[in-house]
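For reference, the structure discussed in these notes is given below.
Where a number appears in this text, it was derived from the coordinates with a stated rule and is not lab data. Just so you know, these numbers come straight off a predicted model, no measurement behind them. All Cβ positions, glycine included, derive from the backbone under ideal geometry; neighbour counts span all protein chains shown.
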């Protein structure tokens, strides 16, 4: 019952948001909180739309102790209810410094060591965009390529991003450029007409009095 009420609330919210905020985002940036069975992380996330339904997302996250990683992911988005509520999935690469248990290379006090790691990521999530804010919930498994003994680590993340640039902003900028271009063309045409009129008057006088009557 609670799930149905939540879905109904999302439907009503997305339908009653002013149309000026119903455009898809182009650039968003904000914070991401991640959690798995070993560590909790906080970091920054930046999304940039590169295709109609495709984005690039960069994530930098750390636990402020001994785990810091950077992730770059390509993501495909598909509407669920509207352009403001959709799910996405994607894949990418990651690298950084992580502290996990390793065979034959441990610290006596903690049983762990920090190593450089390289990995491959998958990601799947849902996101809601309203009033120039974007909120998402994602699941991001990571597969170790180099560094860790554990070949697999999963993470659940929550991101809150500000919409820095959306389609309304793009259309507004395009209209401003079109108006500026049109104004410049009018000024150029006016200048050409004035120069043409001046040249015509000079040619008329020259035809009557000669080019250098004195």
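Numbers at a glance
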quantity	calculated
Residue order, fewest to most beta carbons within 10 Å, for 159, 82	82, 159
Ranking of 179, 83 by count of other Cβ atoms within 10 Å, fewest first	179, 83
